[in-house]
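Please treat every number below as a calculation from the coordinates, not as lab data. From a predicted model like this one, the values you see are computed outputs, not experimental measurements. With ideal geometry, Cβ positions are generated from the backbone for all residues, glycine too; neighbour counts draw on all protein chains shown.
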Amino acid sequence: MNKFDLAGIGMTSQRTRDRLVRRLTGQGISDEIVLSALSSVPRHIFVDEALAHRAYEDSALPIGQGQTISQPFVVALMTQTLLDQPRPRILEVGTGSGYQTAILASLPGLVSKVYSIERLLPLLDRAQERILAMRCYNVRYRHGDGYLGWPEDAPFDGILVTAAPRSVPQVLLEQLAPGGRMVVPVGGDEIQELQVFDRTEDGFSMQTVEYVRFVPLLKGVRQ
Ligand code: SAH
């Protein structure tokens, strides 16, 4: 038992996570493996200590640098939509707090390795520390511009974009393996369509699942 559990915080947060999972089930999240990842990944370590008591509310929260950790429902929906089938190698664009990364890396049987890109170095460093603290070692990190993808390790079985481009980056579509799927919020600042692209034999098919609100996908990197 660690210091955390002795203080009772570990147990309390497990109970609050179980409550969150029940709520998500009521909102239509049905994939057991995804729900089990949301039940086990401690979201409170991905937000600042001052906000930890709000970590299991179903809302986005600030993570510094003008960015936000996504709302649990949106994380669950995007993860479930991406993983309609096992997709061993996943590219994530927009590491942010690392919470979505940790969920993707905690889906045994569905995902084996996650490649995650973030343009803001302080966020990437902090995310990496948190994920390592969870003893999660199947993630590779890159400080870079997600618009360029990760060409050296492409193609990917799945791509999840957690910031919104105005239109779908072709470069990312081209880094999908045949049969691969990309989930991406596309649109302007106020509202975006969550779009799903499947790479078929003769091109791509697209469907829209939901309306969402993400921070914009910006070009270039910052130290
Ligand atoms: N999945 C994250 C969401 C973070 S918000 C979480 O759950 O915490 C989106 C992130 O995308 C921000 O950290 C932002 O800096 C990053 N981002 C925006 N444009 C980017 C780009 N071109 N390449 C890589 N990361 C980008």
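State the number of residues belonging to region 108-146 that are within 14 Å of the ligand (Cβ to nearest atom), aromatic (Phe, Trp, Tyr) and either in a loop (DSSP other than H, G, I, E, B) or under 22 Å from THR81 (Cβ atoms) (or both).
Matching residues across region 108-146 total 1.
Each row is one residue, and each column tells you yes or no for (1) closer than 19 Å to LYS219 by Cα; (2) of a type in the set (A, V, I, L, M); (3) touching a residue at least 24 places away in the same chain (Cβ under 8 Å).
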position: LEU82; (1), (2), (3): no, yes, yes
position: VAL93; (1), (2), (3): yes, yes, yes
position: PRO108; (1), (2), (3): no, no, yes
position: MET134; (1), (2), (3): no, yes, yes
position: ASP153; (1), (2), (3): no, no, yes
position: PHE156; (1), (2), (3): no, no, yes
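Check SER205 against each of (1) hydroxyl-bearing (Ser, Thr, Tyr); (2) loosely packed, with under 12 Cβ neighbours inside 10 Å; (3) within 13 Å of the ligand (Cβ to nearest atom) and name the one condition it does not meet.
That leaves (3) as the condition not met.
Please find, among VAL212, VAL196, the residue that is crowded, with 16+ Cβ neighbours inside 10 Å, within 15 Å of the ligand (Cβ to nearest atom), at negative phi and not hydroxyl-bearing (Ser, Thr, Tyr).
Details: VAL196 fails: within 15 Å of the ligand (Cβ to nearest atom).
That would be VAL212, the only listed residue that is crowded, with 16+ Cβ neighbours inside 10 Å, within 15 Å of the ligand (Cβ to nearest atom), at negative phi and not hydroxyl-bearing (Ser, Thr, Tyr).
Tell me, please, whether a residue that is of a type in the set (Val, Ile, Thr) and either part of a strand (DSSP E or B) or within 14 Å of the chain's Cα centre (by Cα) (or both) can be found in region 22-35.
For region 22-35, residues of a type in the set (Val, Ile, Thr) and either part of a strand (DSSP E or B) or within 14 Å of the chain's Cα centre (by Cα) (or both): present.
Take the residues in region 91-107 that are assigned to a loop (DSSP other than H, G, I, E, B) and among the hydrophobic types (A, V, I, L, M, F, W, C); name whichever of them is nearest to ALA37 (Cα to Cα). Lay out the reasoning, then the answer.
Initial filter on region 91-107 (assigned to a loop (DSSP other than H, G, I, E, B)): 94-98, 105-107.
Right, trim to among the hydrophobic types (A, V, I, L, M, F, W, C) and you get 105, 107.
On the way: ALA105: 9, LEU107: 6 Å.
Looking at the filtered set, the residue picked out is LEU107.
Just need a number here: residues in region 42-90 that are of a type in the set (Gly, Ala, Ser), over 23 Å from VAL183 (Cβ atoms) and assigned to a helix (DSSP H, G or I).
The number of residues fulfilling the criteria is 2.
Under the condition of being of a type in the set (Asp, Glu) and surrounded by 24 or more Cβ atoms within 10 Å (Cβ to Cβ), which residue from region 82-120 is nearest to the chain's Cα centre (by Cα)?
Quick first cut of region 82-120, residues of a type in the set (Asp, Glu) only: 84, 92, 118.
Restricting the remaining residues to those that are surrounded by 24 or more Cβ atoms within 10 Å (Cβ to Cβ) gives 92, 118.
Values: GLU92: 7, GLU118: 12 Å.
For region 82-120, the residue satisfying everything is GLU92.
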